[in-house]
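To start, the structure itself, in structure tokens.
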Amino acid sequence: MKLALLGKGKTGSKVIELCEENKNGEYSDIELSVFDSKNPLKKDDLNRFDMVLSFLNGDTFLEHYFDLLSTSGICVVCGSTGFEWKPEMLDKIKTGGGTWIKATNFSLGMNLVKEMIKIASKANSLFNEEQLSFHINDIHHTKKLDAPSGTALSWKEWLDRDAEISSERTGDIVGIHELTIDTPNEIVTIKHEAKDRRIFAAGALWAVKQMQTLGPGLYDFSEVALQVMKEN
């Protein structure tokens with residue numbers, strides 16, 4: 001599998017590390033090429049690759065690569081965040097005939113959290129809805145520009161309830177997300193903490209390997225993971 005990696009920042013560099021460390025093991029079937037601002041991926045390069053994995057920031061990805069990739073029909077795993085997936089973007093992917101997997105967070109454990117949050121969204125069936133409050137907090141390193149994080153916004157989407165979101169940017173924290181449900185007599189908390197940025201790289205490479213099981217279209221990473229969980 002010939003894979004083009006866009007971006008070698010905090011997470012992209014971990015993809016490179018994992019592929020190099022496991023080139024004779026788990027990722028022996030992946031031939032990785034890296035592209036960045038000094039060595040951009042061009043249209044003529046695409047026919048050399050089976051798939052593209054992006055960890056560029058959202059603005060750069062949209063400005064320089066979305067149209068190129070969506071019209072080419074190539075498979076894409078997209079970890080670029082900070083933008084909204086608009087209907088016209090989905091139409092371009094569909095028309096181009098490629099298979100895409102997108103995620104705001106490639107942690108495999110986050111898919112377990114998603115199912116927990118869906119259960120938490122039913123809290124009003126147990127408590128007086130007027131006495132419930134939901135709060136989501138995300139904490140990341142100081143170099144993370146978007147706030148709230150894409151993952152925090154996904155949590156609110158999964159919860160499908162009015163929820164206050166707060167963000168903190170401090171130190172070199174990989175990522176901590178916490179949902180707090182406050183009731184008159186108890187507090188319920190769902191928390192996910194990333195210990196190492198490698199979890200995002202490993203999850204993205206896991207998504208790359210799932211591509212062969214999918215047809216054309218745009219898939220959410222959690223959708224793919226849930227299907228695998230159901231099958232096992």
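The values are calculated or read from the model by the stated rules, or taken from the named source; none is laboratory data. Just so it is clear, the model here is predicted, and its values are computed rather than measured. Counting neighbours? That spans all protein chains shown, and the Cβs are built from the backbone with ideal geometry, glycine included. Heavy atoms of the whole protein, side chains included, go into the accessibility calculation; ligands, DNA and RNA do not. Shrake-Rupley method; radii C 1.70, N 1.55, O 1.52, S 1.80 Å.
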Practice item. Choose one answer from HIS192, HIS140, HIS64: the residue with the largest mean-square fluctuation in a GNM of the chain with alpha-carbon springs under 10 Å. Key: HIS64
**Study point:** Largest to smallest principal axis extent of the C-alpha atoms in the stretch 70-109, angstrom
**Key:** 32, 19, 12
Revision key, fill the gap. DSSP beta bridges in the chain: the antiparallel percent, rounded to 5, is 40 percent
Review point. Across the chain, where is the longest run that never hits GluC sites (Glu not before Pro) in a DSSP loop with at most 12 other C-beta atoms within 10 Å?
Key: 85-185
**Study point:** Heavy-atom accessible surface of the chain: percent carbon and sulfur, 1.4 Å
**Key:** 47 percent
Exercise for review: Identify, among LEU145, PHE221, ALA202, the residue whose Cα sits farthest towards the positive end of the charge dipole of the stretch 144-232, taking +1 on the Cβ of Lys and Arg and -1 on the Cβ of Asp and Glu, with the dipole about the Cα centre.
Suggested key: ALA202
Exercise for review: Excluding residues fewer than 8 places away in the same chain, name every one of the aspartates and glutamates whose C-alpha is closer than 14 Å to that of LYS14.
Suggested key: ASP196
Check your understanding: Among the trypsin sites (Lys or Arg not before Pro) within the stretch 99-199, which fall in a DSSP loop and have no more than 14 other Cβ atoms within 10 Å of their own Cβ?
Key -> LYS122, LYS143, LYS195
Practice item. Work out Dmax and Rg for the chain from the C-alpha atoms and quote the Rg first, both in angstrom. Key: 18.6, 62
Check your understanding: Out of SER80, SER149, SER166, any idea which swings most in a Gaussian network model of the chain, alpha carbons joined below 10 Å?
Key -> SER166
Review point. Which lysines have a Cα lying under 16 Å from the Cα of LYS209, excluding residues fewer than 8 positions away in the same chain?
Key: LYS2, LYS23, LYS102
Review point. Looking at the stretch 7-125, what % of its DSSP beta bridges pair antiparallel, to the nearest 5?
Key: 10 percent
Study note, to complete from the structure: At the level of C-alpha centres, the distance separating the stretch 73-98 and the stretch 22-48, in angstrom, is 20 Å
Point to revise | Ratio Rg/Rh [Cα only; Rh per Kirkwood] for the stretch 3-70 | key: 0.97
